[in-house]
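We did not get these values from a lab; they are worked out from the coordinates using the rules stated. None of the values given here were measured: they were computed from a predicted structure. Because the Cβ atoms are built from the backbone with ideal geometry, glycine has one as well, and the counts that use them run over all protein chains shown.
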Amino acid sequence: MFKTYFKPLLLGALILAGSQAMAEGLPGAPAPFDKGEVKIAVVSFLGAGDWLQAFESGAKKQGQALKVDLRLSQARNDANTQRELIEQAINRKVDGLIINNGKPEALKDLAQKALDAGIKVVAYDVNLDNPHIPQVEQSDRLMAKLVLDEAVKRQGGKIVGGAVYVAGFAPLDRRYAVWKDYQRQQGFAEKAVWGVVNDSVPASVADQTKAVLRSHPDINTIFTPWDEFARGVKLAVDELKLGDKVRIYGVDISTSDIQAIREPGSPWVATAATNPAVVGEVAVRAVSLLIAHQDPGHSVEIAPSLVTRDDLLNNDIKTIEELTAKFPAFNASQAATAAWIPKVKP
């Protein structure tokens, strides 16, 4: 799944234009934010998708509000590339490092190297198993519980299940564990598990799903613990014209997800999510608190919301912006806040 080599030219293309000039400092803030010389790096394992774009947008807005030099980079699902990007951040002597997703076994040593260099580190959706690294989390178990409660409510004991899942990613592992709990509690069958993480997740998962549904035509409920998985499953269900039979229950949301859920006869009927832009804001706030020698807590948890197809249609919601406006709980989080940290407008 991961390449075993690294291309220097590719790495250069992965550094995004997310930096800003050193500002004059943030009035009333603790050191070093009062001097305007704070550098923060955000290194993401993923390389594409609406969720990542929104996450990075939120991170940039919070970084601008804090008047820091914030740089974003993407590893495009390559573990070696992510290591190189983190090495670059360490060599630049950044003050803070946010590690967004990834494979723990490829990151733990470099995370410790960053700490040893005096860099404050925060991890999002990757468990680095380090007491000095706060974990920003979407409350993965609650997200899975919200959407699976909805599945049970809608379908009761008639669930014949399948799940899209790839092991080794902390959020997927946590969400899938809840699915297994529900399977045991509700007594329904899990007919198949499939999935892939690559540069074309929806297309690849669509091909897999078509093969699964042809082999297991009795599947009527598919749990997709990532919206990229849900998109692929929906492509397959639509192509096979099984929208009146198969129901998709997902995690995460974006404007394109909302459009897919709203489509006439869409099999994607519910998702549980936090606002990815808010997640980006919280991650930047958490590492900023560490840089200022303040404690955000080891577990920085962001509460999710359940969003159903009926919610979107009944409230005429077509975009994330409209969802944010009409679902107030979706547009902000009180996690990792302080009086000196400026708020970001939704």
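Over the Cα atoms of the stretch 187-303, the radius of gyration divided by the Kirkwood radius equals 1.11; this is the Rg/Rh ratio. Pick the calculated mean projected area of the Cα convex hull in nm² for this structure from (1) 17.0; (2) 18.3; (3) 28.9? Read-out taken from this structure: (1). Applying the Karplus relation 6.51 cos²θ - 1.76 cosθ + 1.60 with θ = phi - 60° to the stretch 137-151 yields 3J(HN,Hα) values of 9, 8, 6, 4, 5, 5, 4, 5, 5, 4, 6, 6, 4, 5, 4 Hz, where x marks Gly and Pro. Were the residues from Ala203 through Asn80 laid out at 0.36 nm apart, the gain over their Cα-Cα distance would be 41.9 nm. Whole-Hz Karplus values for the stretch 155-170 come out as 10, x, x, 9, 6, 10, x, x, 9, 9, 7, 10, 6, x, 10, 3 Hz, taken residue by residue from phi with 6.51 cos²θ - 1.76 cosθ + 1.60 and θ = phi - 60°; glycine and proline positions read x.
Could you check which residue among Trp268, Trp194, Trp226 shows the biggest mean-square fluctuation in a GNM of the chain with a 10 Å Cα cutoff? Answer for the Gaussian network model of the chain: Trp194. Length gained on full extension, Arg154 to Ala339, computed as 0.36 nm times the residue gap minus the Cα-Cα distance: 62.2 nm. Put in line by how crowded their Cβ is, counting other Cβ atoms within 10 Å and starting with the fewest, Tyr176, Tyr182 read Tyr182, Tyr176. Neighbours of Asp316 by Cβ distance under 10 Å: Lys/Arg scored +1, Asp/Glu scored -1, total +2. In this structure, the amide hydrogen of Tyr165, modeled 1.01 Å from its nitrogen in the peptide plane, lies closer than 5 angstrom to those of Trp194, Gly195, counting only residues at least 5 positions away or on a different chain. The fewest-to-most ranking of Glu137, Glu281 by surrounding Cβ atoms within 10 Å reads Glu137, Glu281.
Relative contact order for the chain: 19 percent, from Cα pairs under 8 Å spaced at least 6 residues apart, divided by residue count. When His216, His293 are sorted by how many other C-beta atoms sit within 10 angstrom of their C-beta, beginning with the fewest, the order is His293, His216. Projection of the Cα convex hull of the stretch 152-252, averaged over all directions and equal to a quarter of that hull's surface, yields 5.9 nm².
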